[in-house]
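Since the structure comes first, as structure tokens, the remarks are kept for the end.
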């Protein structure tokens, strides 16, 4: 390679060394830039992966929450269907009495005592208890209890009393049951109940 100007051997060596140094600096700068770019790219990829993982976890949690919510809604709908329709306790008590009388008749005995007990609130529902009394055998009593348990409505036996009619011949028994059905609480009553609870919390 011929230079456009005359240089001696010493100057030529200096130029060559300087050129090599410049090339080395350029290569070092290029390597540093590449290493820094690669690190930033890896950091970005890792951050992106973490963000995607969090998003997937949130989606998974959201799906699980929605599944639980759907299960709750289905259970609530099933429970809504199991309560007596309407919001009048006397009507629900009459319907419950009919169910109990039909169950007793199909089990082979008649109800001889019946009375409606005052209804009371149970969260979003109103409990409507009916007390019945009758003379029967233990087997027929078990049959009646089974029919109450498997009725299409949500019924609970909150109280049961049994005594032997004839101690000398303990075949028949006199039983009294308190069977409770439920109706949905009227919207206005439910609103008033929430307001009362809110006022109680504010007072405390």
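No value in this document is a laboratory result; all are computed from the given coordinates. Only a predicted model underlies this, so the values are computations on that prediction, with no experimental measurement involved. Here the Cβ is made from the backbone with ideal geometry for all residues, glycine too, and neighbour counts use every protein chain on show.
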Query - Orientation-averaged projected area, Cα convex hull of region 89-190 (nm²) - result: 6.4
Query raised in the report: Taking the Cα-to-Cβ direction at residue 161 and at residue 106 and moving 7 Å from each Cα, how far apart do the two end points lie in nm?
Result: 2.8
**Report entry** Residues 111, 162, sorted so that the one with the fewest Cβ neighbours within 10 Å comes first
**Finding:** 162, 111
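In what order do 148, 164 fall by count of nearby beta-carbon atoms within 10 Å, going from fewest to most?
Fewest-to-most Cβ neighbours within 10 Å comes out as 164, 148.
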Query raised in the report: Want the number for residue 171 to residue 153: 0.36 nm per residue separation, take away the alpha-carbon distance, what's left?
Result: 3.3 nm
